[in-house]
1. Among the DSSP beta bridges whose two residues both lie in region A:51-141, what percent are antiparallel, rounded to the nearest 5?
2. Mind checking which of B:H89, B:L45, B:Q163 is farthest towards the positive end of chain B's charge dipole, using Cβ charges of +1 (Lys, Arg) and -1 (Asp, Glu) about the Cα centre?
3. Quick one: if the Förster radius is 30 Å, what FRET efficiency do A:A313 and B:A194 give, using the C-beta to C-beta distance and rounding to 0.05?
4. Hey, got the dipole for chain A? About the Cα centre, +1 on K and R Cβ, -1 on D and E Cβ, debye to the nearest 20?
5. If you count the DSSP beta bridges with both ends in chain B, what percent of them are antiparallel, to the nearest 5?
6. Going 7 Å from Cα along the Cα-Cβ axis for the label, what nanometre distances separate A:D172 from the same residue across the other copies?
7. If I stretch the segment between B:S228 and B:Q168 completely, what's the gain in nm (0.36 nm per residue apart, minus their alpha carbon distance), one decimal?
8. Out of all DSSP beta bridges with both ends in the protein assembly as shown, state the antiparallel percent to the nearest 5.
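Just so it is clear, none of the values below were taken in a lab; they were calculated from the coordinates. What you see is a predicted model; the values in this text were computed from it and never measured. Neighbour counts run over all protein chains shown; Cβ positions are idealised from the backbone, glycine included.
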There are 2 protein chains.
Amino acid sequence: MNIDMIRAAAERLNGHALRTPFLNSPLLDALAGRRVWVKAECLQLTGSFKFRGAWSALSALDPKVRAKGVIAFSSGNHAQGVALAAKMHDTSAVIVMPADSPAMKLENTRAYGAEVITYDRDTEDRNEIGARISQERGLTLIKPFDEPQVIAGQGTCGLEIAQQATEQGITDAQVIVCCGGGGLTSGIALALEAEAPGLRVRPAEPEGFDDVARSLHAGEIKRNLRTSGNLCDAIITPQPGDLTFPIMKRLCGAGLVITEDQALAAMAHAWNRLKLVAEPGGAAALAAVLFHGDEIQGDDVIVTISGGNVDAAVFARALELA
Amino acid sequence: MNIDMIRAAAERLNGHALRTPFLNSPLLDALAGRRVWVKAECLQLTGSFKFRGAWSALSALDPKVRAKGVIAFSSGNHAQGVALAAKMHDTSAVIVMPADSPAMKLENTRAYGAEVITYDRDTEDRNEIGARISQERGLTLIKPFDEPQVIAGQGTCGLEIAQQATEQGITDAQVIVCCGGGGLTSGIALALEAEAPGLRVRPAEPEGFDDVARSLHAGEIKRNLRTSGNLCDAIITPQPGDLTFPIMKRLCGAGLVITEDQALAAMAHAWNRLKLVAEPGGAAALAAVLFHGDEIQGDDVIVTISGGNVDAAVFARALELA
């Protein structure tokens, strides 16, 4: 895993993925007490940064292998990313999703042309389902985060942050990243190490699912006790990845931990001040900036809004806080 | 009014206003039956394109005149644009707003530092109020649309559309623009005439407030019967401007007319597919594309989402349609 892989991924993504905007709102700055720069990955194709990693991984496959189809496990954003990237590569995708995934994520994954197979989180083993289907049909597994070409794809977001921060004259700031398994976090950290070493990544996670924060603190991988039961479904993973954790350990500052209510309030602020639709997990970094500002240093802070795939009922709860 | 004024405004806006993104969603394309390109002006500073015209007008004033302060009449988006542009120019702004303006627009205008004076649409004359205050304090009136430097500022959005369409290989398409008094519509039309003559503007308006569509059809200015009572508050004006109408008459295709329910449904689609917050008036062009596609020609269509300043209760109504 190195910066050259990220640069190569950026070449492959060029013309297919969006260079997402780097937004600022004077009213949000006033709330946060510092300048807040928002990398709006919810505007990426499929509504989250996951399209970057999916495109990177699919475009790196041998065309003959790719033509047989791909398979992925995901609660929703990686699912949509892989589904659309497969469609755009004229190949097929099978996505194994928990039956209780947000309805929008299930619907959109199907709408992008993927075959969706649902399973019960409590009684079925997704790895067993995936291995069986994959073997039967000769499909290639696209892992959600612990895969070099996926990390490289997510890292392209970091290359853009480096450029966009430089355009704004920002050379020294913390970059708060919504963090699940660490694909986006480690990819951005690698890109910034090479391109903007004054920008330092810190992961943001939900309370009770702060495996990365605890792992960084302990210096070794720690697991979450639970694997479901939080509105921030997009960033709930059992533990940091074997590939992503060493990168985060080397390059990231301490993790920030937010509550579900803070995620909902951050969604309301993104709606009001930025005119962006954020999902709870995609608003974690903004929540950290708005509600844990005393744990952050610097006059400027950069945050990712990493996704916007949220059901209307959950969004309505956020609006009640607006 | 000419293209050189728009180019000069673009120079003055550079580094202050945002070059807003040009977004596309495969799922939205599928709904519309053609490729839909969205110029996301709701992401502009203050949440609408109006910041462009306000900055253009304020930056064109003699500094001594500007230092005395400015005044504007507006139901909300021009209000916020002028308020922030005044603050960024270190001068003061008085904004005369209807007392029944959306709460968010009143709050945000104050939050940008302006002095807000409300009036009763039914019993008070805003022109009388404005003239009195303006005279007492030596303020310069910044008109919302019928003012050359405001049209020039809105036209910078058209310069960007011309560039962004070219980047996507689009040389021939209709450009549907949310239309009130015609500042944005005429500005974009002038910019495209010079920079991308294969792109032709068509205004979109709410039913019952289709003064521009009727004026274009008649070849002369027609008034609306009502001046309030529609969710699309941002694009409700009594009649086209004396400056904007001749430009629209020369350059625009026939107007498109949408219902309030179509505007709400378009807001839901913008939320779901684009992760953008649109206000009803800002969703009029997208509503025309989604619900009046048979009146539009071409494989590609370009639409503005011109603003996103909407109260939570109205947004919740749109979400119910998601």
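1. Values: 0 of 11 bridges.
If we restrict to bridges inside region A:51-141, about 0 percent are antiparallel.
2. So the residue furthest toward the plus end is B:H89.
3. Numbers: r = 47 Å, r/R0 = 1.58.
My answer for the efficiency is 0.05.
4. Values: 30 positive and 38 negative charges, 136 e Å.
Here chain A has a charge dipole of around 660 debye.
5. Details: 3 of 32 bridges.
The answer is about 10 percent antiparallel.
6. Nearest first, the other copies' label points are 5.6 nm away.
7. Numbers: separation 60, 0.36 × 60 = 21.60 nm, distance 3.90 nm.
My answer for the length gained is 17.7 nm.
8. On the way: 7 of 65 bridges.
Here the share of antiparallel DSSP bridges comes out near 10 percent.
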